[in-house]
Amino acid sequence: MNTRTCLRVALVLTFAPTVVSAQSDGPVARQYKTVADRIIDGAVADSGVAWNTLARFTDYSGSRISGSAALERGIDWLLAEMKKDGLDNVHSEPAMVPHWVRGAESATLITPRLSKLPMLGLGGSVGTPRGGILAEVLVVNSFDDLKAHAAAAKGKIVLFDVPFTTYGATVRYRGTGAVEAAKVGAVAMLMRSVTPYSMRTPHTGAMNYDSTVKKIPNAAITVEDAMMLHRMQGRGEKIVVKLEMSAETLPDAPSRNVVGELRGSEKPDEVVVFGGHIDSWDVGQGAMDDGGGVVVAWEAIRLMKKLGLTPKRTIRVVGWVDEEHGSRGADAYRDAHRAEADNHALVIESDGGVFNPESYGFSGSDSARAIITQIAALAARTGIKSVAASGGGADIGPMMALGVPGVGFEVERSRYFWFHHTDADTVDKLDPVEMQRCVAAMALLAYIVADLPNKLPR
Ligand SMILES: [Zn+2]
């Protein structure tokens, strides 16, 4: 998930969702009840299939940061395996992506005592001069606190020790903390990892520079260490840290979006698109974020083929590239399919983990919402309880901006930010049964919208 997505999540939480119960007797619900139950029963019977596919994918590719050979290797694997599963029109579509490399890095507490500080440089950060930066640390708990202590920040390493509230509110420090710290003369920026729960695990993620402000190195340390340094400062102890980072940004690299389809029977040129992003950060396996989002969509098509279901319109799984750095894959998809925007009935994104399904966050017309609400009622057995007032995501945003209705697939995410952008984002954090429910909830939404007599109204 990048900052573009979290602002949308905040929006979803603002307006009242439509709780699904009453509409289960509507025309769409009546017409598709049987097939919806077949899809759910089929997914439940396929226990562990999606989880095993995700395990094979992420064990094979490892982490898949934009510009890396590992990402291209993962893309080749997805294309080959989707072909083996008999998906139609399996191909890749080109996209140029940023190529940031982390290199060697470390952070060491020098005074008041010597200690390694587990850390991860933030994506896009510049490196330190050779030999590193050795400086005193100023700990602050907000942008205002920094402003209040601006004079004291000059020539120091500024540490933002900001407790997690919501992702949207807390991630702002990752986004622009280095710029604000540089404005007051800091030589580097450290920040408390963006997470509500920590086992001394640092969380990376994208940051942004301002071309009018000096670029300073920046990295995340653990919640535990940020709190400890804050206590030390509170006791009046002088804190000195050595930060070494050899991060650099190389020229953009060629990469690809992954596409596979279930070709429609009557209106094959009209499409329902669903999926997630295939890139990840260069830590862990990118299983939860977001290998799972791609795999549940792919598995949904494999399940429909197994059940002999062929909707009127084409269902297209897309693995968008480069969601983490700047959504170049999403922009490339839009640019390649702009002329087909009218033929896109719905775009669906899963990029919040594949835990127990909870809601379809929908953005579109009221008449379309009435249909999505009936479909949500049919998905109640998967855990879907509501249709949120709006939805979307970084990867479907560009197509939605062209007027295509969109769904952000929402799941129970209490554990999502525990592992988000860490070395602990591995397949064992996901539950095979919950993943099958995601397969079912994604499959029946895509199938019914792709099979409706009339295209989803705009
Ligand atoms: Zn993500």
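In whole Å, largest first, what are the principal axis extents of the Cα atoms in segment 103-246?
Answer, in whole Å and largest first: 36, 35, 34 Å.
If each residue of separation counts as 0.36 nm, what is the full-extension length gain between Met227 and Lys215 once their alpha-carbon separation is subtracted? Walk me through the numbers before you get to the answer.
Details: separation 12, 0.36 × 12 = 4.32 nm, distance 2.57 nm.
Difference between extended and current length: 1.7 nm.
Just to be sure I understand the model, the point goes 7 Å from the Cα along the line to the Cβ. What's the resulting Asp342 to Ala169 distance in nm?
About 4.6 nm separates the two model spin labels.
Just to confirm my numbers, what's the Cα centroid distance between segment 195-236 and segment 24-73 in Å?
Between the Cα centres of segment 195-236 and segment 24-73 lies a distance of 35 Å.
How large is the convex hull of the Cα atoms of segment 78-119 per residue, expressed in Å³ as a whole number?
Value for segment 78-119: 130 Å³ per residue.
Sticking to Cα atoms, compute the Rg of segment 331-417 to one decimal and its Dmax as the biggest Cα-Cα distance, whole number, in Å.
13.4, 40
Quick one: of Lys147/Lys238; Lys183/Lys238; Lys147/Lys215; Lys215/Lys429; Lys267/Lys306, which pairs are farther than 25 Å apart, Cα to Cα?
The answer is Lys215/Lys429.
Between 0 and 90 degrees, rounded to the nearest ten: what's the tilt of helix 432-451 against the longest Cα principal axis of the chain?
That helix lies at roughly 50 degrees to the long axis.
What FRET efficiency comes out for the pair Asn208/Arg56, r = Cβ-Cβ distance, R0 = 25 Å, nearest 0.05?
That pair, Asn208 with Arg56, gives E of 0.10.
Where does helix 328-337 land angle-wise versus the long Cα axis of the chain, in degrees 0 to 90, nearest 10?
Taking the Cα atoms of the chain, the angle to 328-337 is about 30 degrees.
Counting only protein heavy atoms and a 1.4 Å probe, tell me what percentage of segment 316-434's accessible area is made up of carbon and sulfur.
Values: 1640 of 3190 Å².
The C+S portion of the solvent-accessible surface of segment 316-434 is 51 percent.
If Lys and Arg each add +1 and Asp and Glu each add -1, what is the summed charge of the other residues whose beta carbon sits under 11 Å from the beta carbon of Asn141? It would help to have the intermediate numbers written out before the result.
Values: positive: Arg192; negative: Asp144, Asp145, Asp161.
Local net charge: -2.
Run the helix sum for the chain: -39,500 (n - 2.57) per DSSP H stretch of 4+ residues, divided by residue count, reported at 222 nm to the nearest 500 deg cm²/dmol.
Values: 15 runs with 164 residues, N = 458.
That comes out to -11000 deg cm²/dmol.
Roughly how many nanometres apart are two label points built 7 Å out from the Cα toward the Cβ at Ala380 and Asp252?
4.9
Using a cut-off of under 20 Å, list every residue of segment 248-264 whose amide N is near the label point 7 Å from the Cα of Ala69 along the Cα-to-beta-carbon line.
The answer is 248-256, whose backbone nitrogens lie closer than 20 Å to the label point.
Just to confirm a number: summing +1 for Lys and Arg and -1 for Asp and Glu over residues other than Thr176 whose beta-carbon lies under 13 angstrom from that of Thr176, what do you get?
Values: positive: Arg172, Arg174, Lys183, Lys215; negative: Glu180, Asp210.
That sum, taken over residues with Cβ under 13 Å, equals +2.
How high is the FRET efficiency between Val101 and Asp269 when r is their beta carbon distance and R₀ equals 45 Å, given to the nearest 0.05?
Details: r = 41 Å, r/R0 = 0.92.
So, using R0 = 45 Å, E works out to roughly 0.65.
To the nearest 20 debye, what is the magnitude of the charge dipole of the chain about its Cα centre, counting +1 on the Cβ of each Lys and Arg and -1 on the Cβ of each Asp and Glu?
Values: 49 positive and 53 negative charges, 150 e Å.
Dipole magnitude for the chain comes out near 720 debye.
So for segment 278-391, Kirkwood radius off the Cα pairs, Stokes-Einstein at 10 °C and 1.306 mPa s: how many µm² s⁻¹? Could you put the intermediate results ahead of the total?
Details: Rh = 15.9 Å.
Answer, rounded: 100 µm²/s.
Net charge near Asp76: determine it from the other residues with C-beta under 13 Å of the C-beta of Asp76, scoring Lys and Arg +1 and Asp and Glu -1. Walk me through the numbers before you get to the answer.
Numbers: positive: Arg64, Arg73, Lys83, Lys84, Arg256; negative: Glu72, Glu81.
Net charge around Asp76: +3.
Quick one: if you stick a label point 7 Å off each Cα along the C-beta vector at Val19 and Asp428, how many nm between them?
3.9
Have a look at Ser280, Pro398, Val240 and report the one farthest towards the positive end of the charge dipole of the chain, computed about the Cα centre with Cβ charges (Lys/Arg +1, Asp/Glu -1).
Positive-end residue among those listed: Val240.
Contact order normalised by length for segment 261-349, with contacts defined as Cα pairs under 8 Å and 6 or more residues apart; what percent is it? Walk me through the intermediate numbers first.
Numbers: 150 pairs, mean separation 40.1, N = 89.
Reported relative contact order: 45 percent.
So if I average 1/r over every pair of distinct C-alpha atoms in the chain and take the inverse, what Kirkwood radius in Å does that give?
In the chain this quantity evaluates to 22.6 Å.
Could you look at segment 103-246 and say what percent of its accessible area is carbon and sulfur, using a 1.4 Å probe and all protein chains?
Working: 3380 of 6020 Å².
Carbon and sulfur together cover 56 percent of it.
Find the accessible area per residue for the chain; the probe is 1.4 Å, ligands and nucleic acids are left out, and the unit is Å².
Working: 16450 Å² over 458 residues.
That works out to 36 Å² per residue.
Quick one: compute the contact order of the chain, relative version, from alpha carbon pairs under 8 angstrom and 6+ residues apart, as a percent. Please list the in-between numbers first.
Working: 1165 pairs, mean separation 110.6, N = 458.
Computed value for the chain: 24 percent relative contact order.
Which one, Trp77, Thr170, Trp320, projects farthest toward the positive side of the charge dipole computed for the chain from Cβ point charges (K/R +1, D/E -1)?
The one lying farthest along the dipole's positive direction is Thr170.
Using unit Cβ charges (K, R positive; D, E negative) and no other charged atoms, how large, in debye to the nearest 20, is the dipole of segment 277-433 about its Cα centre?
Numbers: 15 positive and 23 negative charges, 196 e Å.
In total the dipole reaches around 940 debye.
The values are calculated or read from the model by the stated rules, or taken from the named source; none is laboratory data. What you see is a predicted model; the values in this text were computed from it and never measured. All Cβ positions, glycine included, derive from the backbone under ideal geometry; neighbour counts span all protein chains shown. Each accessible area value is taken on the protein alone, full model and side chains, heavy atoms only, with ligands, DNA and RNA left out. Shrake-Rupley method; radii C 1.70, N 1.55, O 1.52, S 1.80 Å.
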